[in-house]
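Trainee: My structure is below; once you've seen it, I'll send some questions.
The values are calculated or read from the model by the stated rules, or taken from the named source; none is laboratory data. Nothing here was measured: the structure is a model prediction, and the numbers come from that model. Please note: Cβ atoms are built from the backbone with ideal geometry, for glycine as well, and neighbour counts cover all protein chains shown. Areas reflect the complete protein model, heavy atoms only, side chains present, ligands, DNA and RNA absent. Shrake-Rupley method; radii C 1.70, N 1.55, O 1.52, S 1.80 Å.
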Amino acid sequence: MSGLPFYVTTPIYYVNDLPHLGHAYTTIACDALARYKRMRGYDVIFLTGTDEHGQKIERKAVAEGHSPKEYVDRITAAFRDLWGELDISNDHFIRTTDAEHVRAVQQVFQKLYDAGDIYLGSYEGWYCTPCEAFFPEAQLKEGNCPDCGRPVERLQEQSYFFRLSKYGEPLLRYIEANPGFIQPASRRHEMVNFIKGGLEDLCVSRTTFKWGIPVPFAPGHVVYVWLDALTNYLTAIGYVDDPERFERYWPADVHVVGKEIVRFHSVIWPAVLMSLGLPLPKCVFGHGWWTVEGEKMSKSKGNVIKPKEYADEFGVDALRYFVLREAPFGQDADFSRMSFIYRVNADLANDLGNLLSRTTAMINKFAGGVIPAAGEWTDLDRAIPELAGETIEKAAGAFDRLDFQEGMAQVFRLVGAANKYVDEAAPWLLARTDEGRRRLGTVLYNLAESLRIATVALSPVLTRKAAEIWTQLGLDGEPSDAGWDATRWGGLAPGIRVRRGEPVFPRFDTKAEVASVSAGKPADRPADEPAPPESDLIGIEDFARVDLRVATILEAKRVSGSDKLVKIQVDLGQERRQIVAGIARHYSPEELVGKQVVVVANLKPATLRGEVSNGMLLAASTAKDPKELSVLTLDRPIASGSKVK
Ligand code: MSP
């Protein structure tokens, strides 16, 4: 065991249902984090598993005519299988029915009791079985569960209680002293308010059903599922019988959970740990929820996304990439088949795949298939290693903060810049002259090296395709084995023979999915096509009807779910407007900001993919090569809003 320990956990999933996109999301995120940390030299324990006790599961098993154990064995297998399919690299899979876990929970219960934090009382209140949670009357919403909206049941039974109320003040102090404990900050604020609202003691045993861990000293009582479930984080690292291992990995570095269970992890769990005299986890990160085309994902709506179906159709890498790239990790996100295909096409096929294909093709054509040594350098060439250093450092910082979206956006900045560099450096022109040839090696080397570095940095997410790119670059082994240090510039040795192969990322057909977004623009006229006949000519008064103005671009953002559209805010002198332009494949949003462009200011507004466009930006393009496009800019600066005539 070398390296500092790093312990990351997913929630353990209820086995009352088959795994879906939500479960896969948390697990893929933890997997990417675990892989990244391993590459950074950490001794990682990545834990996932299943939460198998409770009334809900007991009822479900009975309804299906099975014993609870038969039932949970079947569903647990489905989780394990899916994690295998999605390349989840968990070090351990815990089940709350494991004998070791049963012992751990019983020990924990006994210790809490011995510490005077558990007492026998009588419970009368409302219980939501699907959420396995009690609610005071005042918290119910229209008489239903405040979390899931389903009916609650009135319960009256003798139960053991945990003195949660005693821990409100220490918890608030801890949260204040450790601002990184609950993340993102919005969740921390919610929890602080919740605790300040007053904590009630928690009912931690039940007597009305049997499918649970028996309370050691009280026959007929089973341990409340959440206390049972949370203890899994201790069991898995040897709480019961491997003190050395436990000492090494506890406290956990991060419990990654969905936003709906942050409360259990950042209020109940730390209070239990305080009572046990154990240190608290360093961080509880509450991520957002996926909706599907704006709707809550639910069986009754029939819109549950099955991760395996997407992985089978588009590849595991595409699924892993999409879920982590589409939205900031702490915020909610919306899933649609269309946005999935758009993103995968735009980033993986058009950007990354294209860079690989162009680079290996040019190395074959201009360097005999062998990665050349660098030759002479210009400023344009020097900018590439510089950008690689900057983007990789930022990507690492983002991955460390679990900001997967930003981490990948940084790597794709490098990929985008490398693609642009191909166009600007134009190796095919360099190959024509002696002077050019002295620089050609530099350009080809820089392209291959940028690609190699991007591949290493993306390998925690692109578990299979990164390895394929690696092979096509002529490299041996796996990018993940190269370690994060391999993202340093210069690791690529000249002289390696590339192995150009099939496109690594196929483009998926969007035509079947969507109507064209070009909003009915007439087809372009090829440059060599003759001018229109005289009858089609317009008079100056026709031209004057078009109000052309100079606009300065203030902000630019890609339109979510589209690989073509950018949403820009422009200054038109007297007013500010939003325009949506189909230039995302040709310009990055950053490049556009600050440019002075020409817009049609009196065009009827149109809505493109849900965004209102108030005008049109002018750009030139050729019909021959749809990749060629150039936005009209001004020769020298002039006031925004100036008329163009
Ligand atoms: N068994 C408890 C957790 C105990 S942890 C000690 C539980 N299980 S669960 O099966 O309901 O899984 C909840 C987790 O699934 C969420 O925290 C989240 O990680 C994930 N998701 C379920 N649906 C989701 C979405 N629609 N979107 C994103 N993730 C969600 O709660």
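Trainee: Among the residues of the stretch 143-157, are any among the acidic types (D, E) and out of contact with any helix residue (DSSP H, G or I) (no Cβ under 9 Å at 6 or more places or on another chain)? Outline the logic, then answer.
Mentor: To start, the set of residues in the stretch 143-157 that are among the acidic types (D, E) comprises 147, 153, 157.
Still in the running and out of contact with any helix residue (DSSP H, G or I) (no Cβ under 9 Å at 6 or more places or on another chain): 153, 157.
Yes - at least one qualifying residue is present in the stretch 143-157.
Trainee: All but one of (1) open to solvent by 30 Å² or more (accessible area, probe 1.4 Å); (2) more than 8 Å from the ligand (Cβ to nearest atom) hold for K259, so report the exception by its number.
Mentor: K259 satisfies every listed condition except (2).
Trainee: Considering only the stretch 52-67, I want to know if a residue exists there that is modelled with pLDDT of 95 or more, in contact with a helix residue (DSSP H, G or I) (Cβ under 6 Å, 6 or more places away or on another chain), within 14 Å of the ligand (Cβ to nearest atom) and farther than 30 Å from D201 by Cβ.
Mentor: no
Trainee: Residues being in contact (Cβ under 8 Å) with a residue 24 or more places away in the chain, crowded, with 21+ Cβ neighbours inside 10 Å and not in a helix (DSSP H, G or I): count how many of those fall in the stretch 442-486.
Mentor: 7
Trainee: Does E244 satisfy being closer than 19 Å to R464 by Cβ, more than 14 Å from the ligand (Cβ to nearest atom) and surrounded by fewer than 18 Cβ atoms within 10 Å (Cβ to Cβ)? Give the derivation first.
Mentor: Working: closer than 19 Å to R464 by Cβ: no; more than 14 Å from the ligand (Cβ to nearest atom): yes; surrounded by fewer than 18 Cβ atoms within 10 Å (Cβ to Cβ): yes.
No, not satisfied.
Trainee: Can you tell me how many residues within the stretch 567-594 are assigned to a loop (DSSP other than H, G, I, E, B), out of contact with any Asp or Glu (no Cβ under 8 Å at 6 or more places or on another chain) and small (G, A, S)?
Mentor: Residues that pass the stated criteria total 4.
Trainee: Here's something else I'd like to know. Take residues that are open to solvent by less than 60 Å² (accessible area, probe 1.4 Å), in contact with a strand residue (DSSP E or B) (Cβ under 7 Å, 6 or more places away or on another chain) and farther than 30 Å from M274 by Cβ and tell me which of the helices (runs of 4 or more DSSP H) falling wholly in the stretch 44-114 contain 2 or more.
Mentor: Working: elements: 55-63, 68-85, 99-114.
Where helices (runs of 4 or more DSSP H) fall fully within the stretch 44-114 and carry at least 2 residues being open to solvent by less than 60 Å² (accessible area, probe 1.4 Å), in contact with a strand residue (DSSP E or B) (Cβ under 7 Å, 6 or more places away or on another chain) and farther than 30 Å from M274 by Cβ, they are 68-85.
Trainee: Okay, next question. Anything in the stretch 172-208 that is touching a strand residue (DSSP E or B) at 6+ places or on another chain (Cβ under 8 Å) and either assigned to a helix (DSSP H, G or I) or among the charged types (D, E, K, R) (or both)? List them, or say none. Give the derivation first.
Mentor: Our first condition is that a residue be touching a strand residue (DSSP E or B) at 6+ places or on another chain (Cβ under 8 Å); within the stretch 172-208, this holds for 175, 181-184, 187-188, 191, 201-208.
I175, R187, R188, M191, D201, R206 - these are the residues of the stretch 172-208 that are touching a strand residue (DSSP E or B) at 6+ places or on another chain (Cβ under 8 Å) and either assigned to a helix (DSSP H, G or I) or among the charged types (D, E, K, R) (or both).
Trainee: Still on this model: With the condition kept exactly as written, say whether any residue in the stretch 244-264 is among the acidic types (D, E) and more than 29 Å from the chain's Cα centre (by Cα). Spell out how you get there, then give the answer.
Mentor: Restricting attention to the stretch 244-264, the residues satisfying the condition of being among the acidic types (D, E) are 244, 247, 253, 260.
Subset that is more than 29 Å from the chain's Cα centre (by Cα): 244, 247.
Yes, that holds for at least one residue.
Trainee: Could you please let me know if P251 is outside any helix (DSSP H, G or I) and not assigned by TED's automatic domain parsing to the domain that holds D201?
Mentor: Details: outside any helix (DSSP H, G or I): yes; not assigned by TED's automatic domain parsing to the domain that holds D201: no.
For P251, the condition - outside any helix (DSSP H, G or I) and not assigned by TED's automatic domain parsing to the domain that holds D201 - is not met.
Trainee: Just to be sure, is K301 touching a residue at least 60 places away in the same chain (Cβ under 8 Å), touching a strand residue (DSSP E or B) at 6+ places or on another chain (Cβ under 8 Å), among the charged types (D, E, K, R) and open to solvent by 10 Å² or more (accessible area, probe 1.4 Å)? Full working, then the answer.
Mentor: Working: touching a residue at least 60 places away in the same chain (Cβ under 8 Å): no; touching a strand residue (DSSP E or B) at 6+ places or on another chain (Cβ under 8 Å): yes; among the charged types (D, E, K, R): yes; open to solvent by 10 Å² or more (accessible area, probe 1.4 Å): yes.
No; evaluated as a whole, the condition is false for this residue.
Trainee: May I ask you to list pairs of residues, at least six apart or on different chains, whose Cβ atoms are under 9 Å apart, with the first in the stretch 21-33 being assigned to a helix (DSSP H, G or I) and the second being β-branched (V, I, T) and near the ligand (Cβ under 6 Å from one of its atoms)?
Mentor: T26/V257
Trainee: If you don't mind, another one. Step by step: first the residues of the stretch 1-22, then only those that are open to solvent by 30 Å² or more (accessible area, probe 1.4 Å) and within 19 Å of Y310 (Cβ to Cβ), then the one that is farthest from the ligand (Cβ to nearest atom). Which residue is that? Spell out how you get there, then give the answer.
Mentor: Of the residues in the stretch 1-22, the ones open to solvent by 30 Å² or more (accessible area, probe 1.4 Å) are 1-5, 14, 16-18, 20.
Those still in the list that are within 19 Å of Y310 (Cβ to Cβ) too: 17-18, 20.
Numbers: D17: 7, L18: 11, H20: 7 Å.
Top of the filtered list is L18.
Trainee: Please find, among E295, E313, the residue that is charged (D, E, K, R) and within 15 Å of the ligand (Cβ to nearest atom).
Mentor: On the way: E313 fails: within 15 Å of the ligand (Cβ to nearest atom).
After applying the criteria, what remains is E295.
Trainee: Does the stretch 488-509 contain at least one residue that is within 30 Å of L356 (Cα to Cα) and at pLDDT below 60?
Mentor: no
Trainee: In this structure, is V44 more than 21 Å from V323 (Cα to Cα), under 29 Å from the mean Cα position of the chain (by Cα), touching a residue at least 24 places away in the same chain (Cβ under 8 Å) and away from the ligand (no atom under 12 Å from the Cβ)?
Mentor: Details: more than 21 Å from V323 (Cα to Cα): yes; under 29 Å from the mean Cα position of the chain (by Cα): yes; touching a residue at least 24 places away in the same chain (Cβ under 8 Å): yes; away from the ligand (no atom under 12 Å from the Cβ): yes.
For V44, the condition - more than 21 Å from V323 (Cα to Cα), under 29 Å from the mean Cα position of the chain (by Cα), touching a residue at least 24 places away in the same chain (Cβ under 8 Å) and away from the ligand (no atom under 12 Å from the Cβ) - is met.
Trainee: Quick one: would you say A252 is more than 13 Å from the ligand (Cβ to nearest atom), buried (at least 21 other Cβ atoms within 10 Å of the Cβ), over 26 Å from K306 (Cβ atoms) and touching a residue at least 12 places away in the same chain (Cβ under 8 Å)?
Mentor: The answer is no for A252.
Trainee: Among the listed residues V612, V597, which satisfies the condition of being among the hydrophobic types (A, V, I, L, M, F, W, C), outside the structural domain of A346 (by TED's automatic domain parsing) and either under 17 Å from D547 (Cβ atoms) or part of a loop (DSSP other than H, G, I, E, B) (or both)? So that I can check it myself, show each step before the final result.
Mentor: Details: V612 fails: either under 17 Å from D547 (Cβ atoms) or part of a loop (DSSP other than H, G, I, E, B) (or both).
So the residue among V612, V597 that is among the hydrophobic types (A, V, I, L, M, F, W, C), outside the structural domain of A346 (by TED's automatic domain parsing) and either under 17 Å from D547 (Cβ atoms) or part of a loop (DSSP other than H, G, I, E, B) (or both) is V597.
Condition check ((1) within 30 Å of D31 (Cα to Cα); (2) not in a helix (DSSP H, G or I)) across all residues:
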position	(1), (2)
L355	yes, no
R358	no, no
E393	yes, no
A398	yes, no
E406	yes, no
G416	yes, no
W428	no, no
R432	no, yes
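Trainee: Can I ask one more? Any chance the stretch 629-643 includes a residue that's open to solvent by 50 Å² or more (accessible area, probe 1.4 Å), hydroxyl-bearing (S, T, Y) and either within 14 Å of T552 (Cα to Cα) or touching a Pro at 6+ places or on another chain (Cβ under 6 Å) (or both)?
Mentor: Yes, the conditions are met somewhere in the stretch 629-643.
Trainee: Give the number of residues within the stretch 23-41 that are in contact with a helix residue (DSSP H, G or I) (Cβ under 6 Å, 6 or more places away or on another chain) and either open to solvent by 10 Å² or more (accessible area, probe 1.4 Å) or within 13 Å of the ligand (Cβ to nearest atom) (or both).
Mentor: Going through the stretch 23-41 one residue at a time, the tally reaches 5.
Trainee: Could you tell me how many of the residues in the stretch 327-367 are open to solvent by less than 50 Å² (accessible area, probe 1.4 Å) and more than 23 Å from Q410 (Cβ to Cβ)?
Mentor: Within the stretch 327-367, the subset open to solvent by less than 50 Å² (accessible area, probe 1.4 Å) is 327-330, 333, 335-336, 339-357, 359-363, 367.
Then drop every residue that is not more than 23 Å from Q410 (Cβ to Cβ), which leaves 335-336, 341, 360-363, 367.
Residues flagged as open to solvent by less than 50 Å² (accessible area, probe 1.4 Å) and more than 23 Å from Q410 (Cβ to Cβ) within the stretch 327-367 amount to 8.
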